[in-house]
Amino acid sequence: MRSSAISKFYRLSVEDRIKKVANFADLNQEEIDILRNNGSLPTEVSDHMVENFLSNIEIPMGIATNFMINGKDYLIPMAIEEPSVIAACSNAAKIARASGGFTSFSTDPLMIGQIQLLDIPSPEIATVKIQLHKQELLSMANEKSKTLSSMNAGAKDLYTTYYESPKEMLIVNLIVDVRDAMGANIVNSMCEHISSKVEELTGGRANLRILTNLSDLRISYSFARFKSDLIGGEDVSRRIVEAYEFAAQDIHRAATHNKGVMNGVDAVLLATLNDWRAVEAGAHAYHSIAGYKPFTRFRLDKNGDLLGSIKLPIAVGTVGGATRSVPKAQITRKILGVKSSSEFANIIAAVGLAQNFAALRALADEGIQKGHMKLHSRNLAISAGATGRIIDVISERMIQEGNISLTRAREILNSIRNERNE
């Protein structure tokens, strides 16, 4: 009987782990060889990055073109498995470019760390003591990073939040300027470092000491004008606004609307190996504070052009993290050419806005499926074994027939092969 209870799996070599998994899953030799292929990321590096490493998995990476942000041109690496995203994003950037591109801005890179205090004799006295010793606590926190301190960054402020129910607790919120880092490691270190002093001051017990991914002090904005005559006319622009208004009123629509934003945002984060889960969590939490709402806004100006804007908490880094360990992540960052975390966040906000505009335009004009299914049909043709020009031949025929499936792709491919052999 197969069992997933494998003793000391982490101590096995990568090759022995593959053998164990292959036996468990009845993998054939071809499948085993595929697992052994780790591409440009060396096995020994991957084995130190994650636990129980088995193999690297490839996600297609492309380049979004046409982006002009704050007057500067960018080529933007995007890693995503979903068809049509990169093409749509590039097209949206081309339309925005005709009006000067995107204007983006990011606030200072402030992150918040939290210390959860329980069993406090007096929350009122504890709050006062923490404020009286604020500068001492900030100085202690800054002992954990001489680099940030030398840049006039690091721990800047703190405040408390009191919760009475269901269990009485006092939260110390530490505000840290992390400069060009994402900030998780340094913020967590600072919280852990000062927690014993906080316990001493308050008589309470520190439980969690960790940053929050709701980085609501680290906000990025982007704006663009999309000329109606380049979109398809004022009617299409109006339909886009109506689609946005639907999302502003209906949470079910808002979820899919925002997924369209994150198609672009996550693809850039993944290509550069930044923490896309953290940005996802922060974005959805931020726009849920007053009830779940769209990440973007659209309206028409007096000339009938479409004005789009986005507002997102974006915690990203240009130093530290996995980027240093992974060669392709180093290359994608070089392609972007960003000099600071704020510049990087500006780009991501613009990409999110572009992607959302592209999705709404497709929905409001020809429907989302036309472009998506064209690329999906190409993927099916490739899965069927087609190569080169034959991929497009099979794709176009399936679209014409209205029968887009792997079975039909194989049938057409076999038919083409038979014709060539006759």
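The values are calculated or read from the model by the stated rules, or taken from the named source; none is laboratory data. Quick caveat, the model's predicted, so the values are computed rather than measured. Glycine also receives a Cβ, built like all others from the backbone with ideal geometry; neighbour counts cover every protein chain displayed.
The residue that is surrounded by the fewest Cβ atoms within 10 Å (Cβ to Cβ), counting only those in segment 147-165 that are among the charged types (D, E, K, R) and in contact with a helix residue (DSSP H, G or I) (Cβ under 8 Å, 6 or more places away or on another chain), is 157.
Listed conditions (1) at pLDDT 95 or above; (2) more than 22 Å from residue 289 (Cα to Cα); (3) in the same structural domain as residue 300 (by TED's automatic domain parsing) are all met by residue 235, apart from (1).
Across segment 300-321, a minimum of one residue is classified as part of a helix (DSSP H, G or I), farther than 30 Å from residue 238 by Cα and over 12 Å from the mean Cα position of the chain (by Cα).
Considering only segment 17-42, state which residues are over 22 Å from the mean Cα position of the chain (by Cα) and either buried (at least 17 other Cβ atoms within 10 Å of the Cβ) or touching a residue at least 40 places away in the same chain (Cβ under 8 Å) (or both).
Looking only at segment 17-42, we keep the residues that are over 22 Å from the mean Cα position of the chain (by Cα), and these are 17-40, 42.
Within segment 17-42, 17, 18, 21, 35, 38, 40 meet the criteria.
With the condition kept exactly as written, say whether any residue in segment 228-239 is buried (at least 16 other Cβ atoms within 10 Å of the Cβ), closer than 23 Å to residue 134 by Cβ and not basic (Lys, Arg). Checking segment 228-239: not a single residue is buried (at least 16 other Cβ atoms within 10 Å of the Cβ), closer than 23 Å to residue 134 by Cβ and not basic (Lys, Arg). Screening segment 86-105 for residues that are over 14 Å from residue 308 (Cα atoms) and surrounded by fewer than 23 Cβ atoms within 10 Å (Cβ to Cβ) and picking the one that is farthest from the chain's Cα centre (by Cα) gives 98.
If you go through segment 126-137 and keep only what is touching a residue at least 24 places away in the same chain (Cβ under 8 Å) and either of a type in the set (Val, Ile, Thr) or on the phi > 0 side of the Ramachandran plot (or both), you end up with 127, 130.
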